[in-house]
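Every number here is computed from the coordinates shown, using simple stated rules; none is lab data. This is a predicted model, so every value here is computed, not measured. All Cβ positions, glycine included, derive from the backbone under ideal geometry; neighbour counts span all protein chains shown.
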Amino acid sequence: MNRLDLAIIEFNTQKFYECHELLELLWQEAPQPERNFYQGLLQLAAGFYHLQQNNQNGAKILIGEGIYRLKQYPSPYLDFHLEKLIIRAQRILYALQRSTKIPPFPKLVSIPPKG
């Protein structure tokens, strides 16, 4: 299993610190424009980790930066459904900004290969 597959599993099981570590390795090795894409994903993972640790200010900053980066890409991008991910991350950010109930964390969903 490659790093990206492992990062998806970690993200979807809400092991955001571990996911961030894997995505950081991918980010460091990736050429542009994939580099900014991976940075957006790792910022979301880091923001969700901060939220788990009750660091709401850190969560707001990183989730906002991750959303900003990911909105620059079409959906799907590199076989990822970004539209739902971004919408759900925006809902979390909105709830943080208004001190309301935080919705569930989104899943990182890739498009299955054809054939």
*Tell me which residues come under 5 Å, amide H to amide H, from F80 once H is placed; ignore anything under 5 positions away on its chain.*
I111
*Listed residues G66, G58, G47, most fluctuating in the chain (Gaussian network, C-alpha, under 10 Å)*: G58
_With a 10 Å cut-off between alpha carbons and a GNM built on the chain, which of E29, E21, E65 moves the most?_
E29
*Among the helices of the chain (complete DSSP H runs), which have Cα atoms covering no less than 18 Å along the helix axis and a Kyte-Doolittle mean of at least -0.5?*
16-29, 34-52, 56-70, 82-98
*asked:* Which trypsin sites (Lys or Arg not before Pro) in the stretch 1-97 sit in a loop by DSSP (not H, G, I, E or B) and have at most 15 other Cβ atoms within 10 Å of their own Cβ?
replied: K71
*Counting Lys and Arg as +1 and Asp and Glu as -1, each charge on the Cβ, what is the dipole of the chain about the Cα centre in debye, to the nearest 20?*
580 debye
_Dipole of the stretch 3-98, positive end: most advanced residue of N36, I67, L4 [Cβ charges, Cα centre]_ = I67
_Rg and Dmax in Å for the chain, alpha carbons only: what are they?_
13.3, 46
